[in-house]
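Single-structure report; data block below.
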Amino acid sequence: MMTEQVPDKVPNRRGKGSNVLMAKLVKLLIAFGIPLFLLSMPTAQLPFDDLSIIQHRLLAIFILAALLWILEPVPVFATSILIITLELVMLSDQGLYSFRFFNKGTVESATNIEGLMHYNDIFAAFSSPIIVLFLGGFSLAIAANKYALDTNLANVLLKPFGTKPSSIMLGLMMITALFSMFMSNTATTVMMLSLLGPILMSVPKEEKGVKALVLSIPIAANLGGIATPIGTPPNAIALQYLDSVYNVSFLDWMMVGLPFVILLLGFAWWLLQKLFPFSGDSLQLQLGGEFQRSWQAMVVYITFALTIVLWMSTGLHGMNTYVVAIVPLAIFTLTGIIGKEELKLINWDVLWLVAGGIAIGIALDKTGLAAVMANAVDYSVLPALLVILVMSFICWLMANFISNTATANLLMPIAAAVATSMNDLSLLVMLIVVACSASLGMILPVSTPPNSLAYATGLVASKDMARVGLIMGLAGLALVYTAILTFVSFG
């Protein structure tokens, strides 16, 4: 009997393995084939005016990165490393001679290609403040887990929400959104994912609803920041342009942003339950335990609380979010709470992943390609309402591939200029819409730091994040457009 079973099973395993390999090869061919074809085209034939050679190359790298991040034939952090490598080799002033000069002759007689980036600008992606913010967040999570602070905080904060999976998820989303209104979305996600850890330990890994719990946190963090002027950088960037014309107070912004956030949070809560339902009606949470009282634990408690307070009061002490993030790392390493073994627990693959996204943003800005892409549409021939819709969609699309802050920095001046030049276009409406659209970009793990952190748990796949992020983005845009039409009808 055994000899008869072996032939049946072996071909199936081989067949399955060959199918997976074939699918991977097809994805790789698509991901590399399209950018290579684009790169082989004459620059003049591309649908952009006055595109430089460097911008042409970056466009191919940008499309390659997007395809690799979406199709995921290789790990996403590997894609980020490839991006940085290609930028250094093809776009920097220290790249290959053949990419830096026009002819194949000697270096002395060759003509230098204009627009090359300084190689330090590309390497700056590794030392970006957002990388330091991640390191500080990881140190908080590691220390909190080591001394059971996450378990005990989860018990305190989630106890009022009962044991129903939907209620627990609602509690997680409400707490996350509330914190992200007043402090960094990334810092909030780090804290909430550390609270989620003990809950996940009591749930089987094959439970489909686990994905809903994990994804609920970055979604709530991304949305929560929209509610206040300080919740996310695009809001603050918009206010810089609005202050010269309008006197928009903190409360004025919240009157617009908070209802928007509440509606989208409710939709996200419903959507996650539909896409990733729990098999049971309750979660048996084992979150009991007492707060430890050793001096190390006390240092962790005080540092954790101090960091949150500092994050929430940056205007009082002058240190921004990124500077504050280095404080817990310094305290924990100095006191021995985090040593060599704990440093190995840092998700270095996530840091590489984020660095790749930062490198793309830097290159788009430094080479001017982002501005070229943003100005590809002739807004003067479009009606005012359509201009807002087009600018909003471009902003949302770009924010899925580079940081929402970089997107807002690139598009806000263009949006303000367009709105000012058109008499029938409200500057206030335009900039608020662009700010909201930037925060709705959450399709990929690299779209926002909260997405990267959730992906780092290993409990959600990029395709799951893409599906939820796409639906949430389109739903958010639909809500924005509905609000615009209402404003136009009754304004």
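The values are calculated or read from the model by the stated rules, or taken from the named source; none is laboratory data. Quantities reported herein were computed from a predicted structural model and do not represent experimental measurements. Note that we place each Cβ from the backbone using ideal geometry, even for glycine, and neighbour counts take in every protein chain shown.
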Exercise. Among the candidates Met422, Met430, Met398, Met465, which residue alone is modelled with pLDDT of 80 or more and over 13 Å from the mean Cα position of the chain (by Cα)?
Worked result: Met430
For this session: From the list Leu25, Leu64, pick out the single residue that is modelled with pLDDT of 90 or more, in a helix (DSSP H, G or I), of a type outside the set (Val, Ile, Thr) and under 16 Å from Phe401 (Cα atoms).
Result: Leu64
Seminar exercise, completed: Matching residues in segment 37-70 (farther than 18 Å from Ser80 by Cα and among the aliphatic types (A, V, I, L, M)) number 8
Exercise. Given the residues Phe267, Phe250, which is the only one that is touching a residue at least 60 places away in the same chain (Cβ under 8 Å) and surrounded by fewer than 22 Cβ atoms within 10 Å (Cβ to Cβ)?
Worked result: Phe267
Exercise. How do the pairs read when you match residues in segment 33-51 that are in contact (Cβ under 8 Å) with a residue 40 or more places away in the chain with residues anywhere that are part of a loop (DSSP other than H, G, I, E, B) and surrounded by 11 or more Cβ atoms within 10 Å (Cβ to Cβ), using Cβ under 8 Å and keeping only pairs 6 or more apart or on different chains?
Worked result: Pro47/Ala376; Phe48/Ala376
For this session: Being outside any loop (DSSP other than H, G, I, E, B) and under 19 Å from Ala456 (Cβ atoms) is the filter here, so list the residues in segment 323-340 that pass it.
Result: Ala325, Pro328, Leu329
For this session: Quickly run through segment 295-322 and pick out the residues that are part of a loop (DSSP other than H, G, I, E, B) and under 30 Å from Val76 (Cβ atoms).
Result: Asn320
Problem set entry | Single unsatisfied condition, Pro160 versus (1) in contact (Cβ under 8 Å) with a residue 40 or more places away in the chain; (2) of a type outside the set (D, E, K, R); (3) within 26 Å of Thr307 (Cα to Cα); (4) surrounded by fewer than 18 Cβ atoms within 10 Å (Cβ to Cβ) | (1)
Exercise. Do you know which of the residues in segment 160-191 that are at pLDDT below 80 and in contact with a Leu (Cβ under 8 Å, 6 or more places away or on another chain) is farthest from Phe276 (Cα to Cα)?
Worked result: Ser184
Exercise. Restricting to helices (runs of 4 or more DSSP H) lying wholly in segment 375-480: which have 3 or more residues that are closer than 23 Å to Ala238 by Cα and in contact with a Phe, Trp or Tyr (Cβ under 7 Å, 6 or more places away or on another chain)?
Worked result: 404-421, 427-439
For this session: Sort out which residues of segment 38-52 are at pLDDT below 90 and of a type in the set (A, V, I, L, M), and write them in order of number.
Result: Ala44, Leu46, Leu51
